[in-house]
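Encoded as structure tokens, the structure appears first; notes follow it.
The values are calculated or read from the model by the stated rules, or taken from the named source; none is laboratory data. Here the structure is a predicted model, which is why all the values come from computation and not from measurement. Backbone-built Cβ (ideal geometry, glycine too); neighbour counts: all protein chains shown. Surface accessibility is based on the protein's heavy atoms, side chains included, excluding ligands, DNA and RNA. Shrake-Rupley method; radii C 1.70, N 1.55, O 1.52, S 1.80 Å.
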Amino acid sequence: MLRFFQGVAVAVTTAAVSLTIGGCSDTSTSSDGHSDGNAQTATLDQAAQAAVDQVGRAYLKVQRNLANDSIEGIQGHLATLQQAGSTLKQHGEDNGHRALAGYGAAVHDASNFEAENAEAAREKLVPLSAAVIKLLRVHQPSDQVASTLYLAKCPMVDNGLWLQTAEKVT
């Protein structure tokens, strides 16, 4: 389940994604279980779900490091994100899931950076967060990764959003 802060609430379930912004609501469901790029959920096979879980785990490690003002080890987590993004892209292409291929490519491309310090890494995290948020709105990580994810506004970066497992901004 994804929950958004700052007046934007998104709840992700296996049946639908409900997006409410300022009193307006949009709910989308998929009859065939595949995503066409809208906020829909889709069932993945075991290999693709494992890659989604890899994305979730590695992203949350990067987020925790940056919340603690540390870049120690994030290059390894970014490499994991790149590999998982490539896996999702290839899986999507091989199985006719264009949206999954696009999400995978976006995660791969956005995780291709090096950061000299936490401040620079936070700035570069903005496009990576956007790619991961789009992916996880449609293809949720398993409960072993996170039973609930919260979207928080990063107070240190303009327009910076990130996912975290805690309800309060960390």
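Below, the figures for the structure above:
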read-out: Dipole moment magnitude, nearest 20 debye, segment 93-137 about Cα centre, only Lys, Arg, Asp, Glu C-beta charged; value: 300
read-out: J(HN,Hα) series, segment 61-68, from Karplus relation 6.51 cos²θ - 1.76 cosθ + 1.60, nearest Hz, glycine and proline x; value: 5, 4, 4, 5, 4, 5, 5, 9
read-out: Per-residue ³J(HN,Hα) for segment 120-134, Karplus 6.51 cos²θ - 1.76 cosθ + 1.60, θ = phi - 60°, Hz, x for Gly and Pro; value: 5, 5, 4, 4, 6, 6, 4, x, 5, 4, 4, 5, 5, 4, 4
read-out: Placed amide H near L161: partners under 5 Å, 5+ positions off or other chain; value: C154
read-out: Carbon and sulfur %, accessible surface of segment 36-170 computed with the full protein complex present, 1.4 Å; value: 45
read-out: Segments 66-79, 131-144 sorted - mean Cβ within 10 Å per residue, highest first; value: 131-144, 66-79
read-out: In nm, spacing of pseudo-spin labels at T43 and S147 (7 Å Cα→C-beta vector); value: 2.4
read-out: Residue-normalised accessible area of segment 57-170, given per residue in Å² at a 1.4 Å probe; value: 48
read-out: Length added when fully stretched, E167-A50, from 0.36 nm per residue minus Cα-Cα; value: 39.6 nm
